Amino acid sequence: MGLPMSDPTAWATAMNNLGMAPMGMTGQPLLPDEVKHVVVRCFDKTTMSKMNTHHLSRHPDFDPALGMMTGIPPINPMMPGLGIVPPPIPPDMPAVKEIIHCKSCTLFPPNPHLPPPATRERPPGCKTVFVGGLPENGTEQIIMEVFEQCGEVIAIRKSKKNFCHIRFAEEFMVDKALYLSGYRIRLGSSTDKKDTGRLHVDFAQARDDLYEWECKQRMLAREERHRRRLEEERFHPPSPPPVVHYSDHECSIVAEKLKDDTKFSEAVQTLLTWIERGEVNRRTANNFYSMIQSANSHIRRLVNEKAAHEKEMEEAKEKFKLALSGILVQFEQIVAVYHSASKQKAWDHFTKAQRKNISVWCKQAEEIRNIHNDELMGIRREEEMEMSDEEIEDPSEMKETDESALVSQVEALKEENDSLRWQLDAYRNEVELLKQEHGKASRDEDTTKEQQLKLLQQALQGMQQHLLKVQDEYKKREAELEKVKEDKLKIEALLETLKEQQSVANEEDKERDVTDGQGNVSKVNCCFSQYFIEGSNDISL
């Protein structure tokens, strides 16, 4: 435009004529004090006389009487063909609006210092606006002429009370229509009250807008569901192939597959589908019976397979039990090494650090050994619980298992008793060494030695008590074992007496059978003799 860029006032005036917010040379909005000098009010001559038109007077198209360019009309967002929404203006800056000229009317902007007009909450999918403050002589053609600059108008519903409802084609056109709220409208050049009015544009609720918005939301929801379904189908496994319909040829194929172990599951599924479909009738009943019979013969193979797996599992359990028992034997040997090293013959020759390490290793080995021993005992208990009913009914076998369990427990108690004795010997050696070192040490270390001695004495007392408890339990177990042996002897004696009574009862039954047979024979002979005597008498008569 040929304006000097160094003058911010002229630059702001040019930006105002272009319908933009006044900006500085650095792109920042001008301060309110600077904006006061560049606001253009084309319909107020007193304000125009105060403007500084020094830089604009050099332009050939500038008219000093009007205070604006005559060759270049002012651009505003409401002009036809300019489909933009006015840029946001900071709240502390007054909005600058221009005069809008139409064919039948003129729109004058409101005072920029007044607060913006109040609007209601925007309904969802709003395409309809309420327009109030229309002139009394305003017609639908004038309303169409004013608001068609905002976009395509679908319908206008005008009332006799100077207001109307306008429905646009798109939602963003409503924002352009709200830009006209506060404008004064004048029809032609008349100053009559019936030809003037102040527009008030606000959102309006319409059932058509709500219905279209709901339809759009449902369509978006359907598209989202369809998209999610496609995403889920991408990761779904492929569906199985459809089952063919029954025929004699397919029946023969399925019958052959039922005999094959690798294809049995597929064939059974086909057979199940045919039966559920209702393919069985009098003509095909024999074929279906033969297929069901072949499916039934497959049960024997499944039972044998299960038995083989159970056998493998039992063998694996037995191997595990043997391996665990071997590991326990090795642990016992290692613990025995530690215990022998803890005896006084070897213990006196080790240093303190070595003794400490040996005791720690011994404790760790004993803990691991006890864990493995508990695991092995648990396996044995499970085996005892899985005994069959026949084994449970036999009291002698039950007593044998109880006896073996008691023997194993007695052995474990013996081992624990030996380990406790060895630990007690080790503690005694420690006490003796501490006593010897206590006599050689200085008086400053007496208190620490006494504390150590007290701790060792307490430990010894605890070990002795534990040893006594173990001995008592050992005695109880031995008493229980003797009771079990006595019960076993009694049961064996009862079994022998029962066997003798059974044998005596069998012999008596045999003797009774023999005597009964002889009596029956004598009775039969008597009958025959009597019969013959009666016959002879008849003959003589």
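Peptide packing: for 456-469, 222-235, 199-212, the average count of neighbouring Cβ atoms within 10 Å per residue gives the ranking 199-212, 456-469, 222-235, highest mean first.
With the Cα gyration tensor of the range 120-227 giving a ≥ b ≥ c as the square roots of its eigenvalues, does the rule (a/c under 1.5 for rounded; else a/b larger than b/c for prolate; else oblate) give rounded, prolate or oblate? Note, shape of the range 120-227 comes out prolate. Nearest 0.05, what FRET efficiency do Glu332 and Glu432 give at R0 = 22 Å with Cβ-Cβ as r? The computed FRET efficiency comes out at 0.20. Sorting Phe350, Phe320, Phe147 by accessible area puts them as Phe320, Phe350, Phe147; the probe is 1.4 Å, largest comes first, and only protein heavy atoms count.
Under the simplified labelling scheme, the Asp374-Arg184 pair shows an inter-label distance of 9.8 nm, with each label point 7 Å from Cα along Cα→Cβ. Hey, how many Å between the Cα centroid of the range 348-362 and the Cα centroid of the range 123-175? The two parts, judged by their Cα centres, are 102 Å apart.
Residue ranking by accessible heavy-atom surface, 1.4 Å probe, largest first, among Ser503, Ser419 comes out as Ser503, Ser419.
Note on Met463 and Thr284: the extension gain reaches 56.0 nm, defined as 0.36 nm multiplied by sequence separation minus the Cα-Cα distance.
Over 31 Å apart at the Cα level, from the set Lys103/Lys193; Lys158/Lys216; Lys311/Lys475; Lys311/Lys363; Lys317/Lys356, are Lys311/Lys475; Lys311/Lys363; Lys317/Lys356. Compared with the direct C-alpha span, the chain from Ile299 to Arg228 gains 21.1 nm at full extension, assuming 0.36 nm per residue. Label 7 Å along Cα→Cβ of Phe163; the range 185-221 residues with amide nitrogen under 13 Å? Hits in the range 185-221 for Phe163 at 13 Å: 199-205. Once both labels are positioned 7 Å from their Cα atoms along Cα-to-Cβ, the gap between Ser325 and Val504 label points is 4.4 nm.
The values are calculated or read from the model by the stated rules, or taken from the named source; none is laboratory data. Please read all numbers here as calculations on a predicted model, not as lab measurements. Don't worry about glycine lacking a Cβ; one is built from the backbone with ideal geometry, like all the others, and counts go over all protein chains shown. Accessible surface areas use protein heavy atoms only, side chains included; no ligands, DNA or RNA. Shrake-Rupley method; radii C 1.70, N 1.55, O 1.52, S 1.80 Å.
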